[in-house]
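FYI, it's all coordinate maths here, none of it is from the lab. Just so we're clear, the structure is a prediction, and the values are computed from it rather than from any experiment. Here the Cβ positions follow ideal geometry from the backbone for every residue, glycine too, while neighbour counts run over all protein chains shown.
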Amino acid sequence: MSLPADLPVFPDLSGKAVLITGASTGIGAAAAEAFAHSGARVAVHYNSSHDKAEAVAQAIRARGGTAVLVAGDVTQEGAPARITAEAVAALGGLDVLINNAGGLVKRVPIADYADPFINEVIDLNVRQVVHFMREGAAAMTAQGRGGAIINVSSVAARNGGGGGAVLYAAAKGFITTATRGWAKELAPAGIRVNAVSPGVIETPFHERYSTPEMLAAMKAGIPMNRLGLAADCAGAFLYLASAAASGYVTGQMLEVNGGQYMP
């Protein structure tokens, strides 16, 4: 993963304990390296991509940073609690939680919706995030020093998604709405809750689910005339995690989309 050469360092993140779900590739991997760049200690979560997660951890360690691996299928019962507990034990606490794990599953038109597909989309993009919110908030509240939780939404939550992606878009819409509610509920505990909403980012997500023709059409609607890179999202996570930079920011959606959507 190549981070921007001029990526700023946020000194108040140094030494912070950060758990990032789905951090073996794409946006999660970029976020992991970015936090380590600011001196944070990072728990790199992965499901089946052990080698890729290890490569992220090794890149962090090669720069003198601290990274630990935490494995698990976030959709399995009890997994969010176990993953959070393992990260807390390995890092000695939890200051920042990035709920990045999620996915489209596959593109399906409404006529072909089957219950297993519906359940898979909701389990992967809604249910597990709710569970991580509960576990992360409990860990931070017990510590008594506040913290930051950053969820990952999508531009799809704003426009309903592309062909066959309506349930995914709706799931991300849930994340957007719930982030605002959680921000209000957790503010008294000193926990800020925000979301990063990426646009069309060149990651394994689009390699798997979008054709070259679809990507070209998406690019044509982006004022900056390019698709995003995972590294383009890194600064947004650092800003929202840093109390020095965004201590009075909560319940917000930070759009990272090259101008594709302007609220």
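Listing for the model above:
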quantity	calculated
Region 95-157, relative contact order [Cα under 8 Å, separation at least 6], %	60
Backbone N within region 27-48 under 16 Å of label point (7 Å from Ala62 Cα along the Cβ vector)	29-30, 32-34, 36-37
The chain, helix-only ellipticity at 222 nm - DSSP H runs n ≥ 4, -39,500 (n - 2.57), divided by all residues, nearest 500	-13000 deg cm²/dmol
Ala55/Arg180 FRET efficiency (R0 35 Å; Cβ-Cβ; nearest 0.05)	0.50
Nearby lysines by direct alpha-carbon distance to Lys16 (threshold 29 angstrom, same-chain neighbours under 8 apart not counted)	Lys52, Lys172, Lys184
Relative contact order for region 13-58, counting Cα pairs under 8 Å that sit 6 or more residues apart, in percent	44
Whole-angstrom Cα spans of the chain along principal axes, big to small	48, 40, 38
For region 104-135 versus region 11-29, the gap between their alpha-carbon centres in whole angstrom	24
Packing rank of 236-245, 114-123, where each peptide gets the mean count of other beta carbons within 10 Å, highest leading	236-245, 114-123
Contour excess over end-to-end distance, with Cα ends at Ala85 and Asp112 and 0.36 nm allotted per residue	5.9 nm
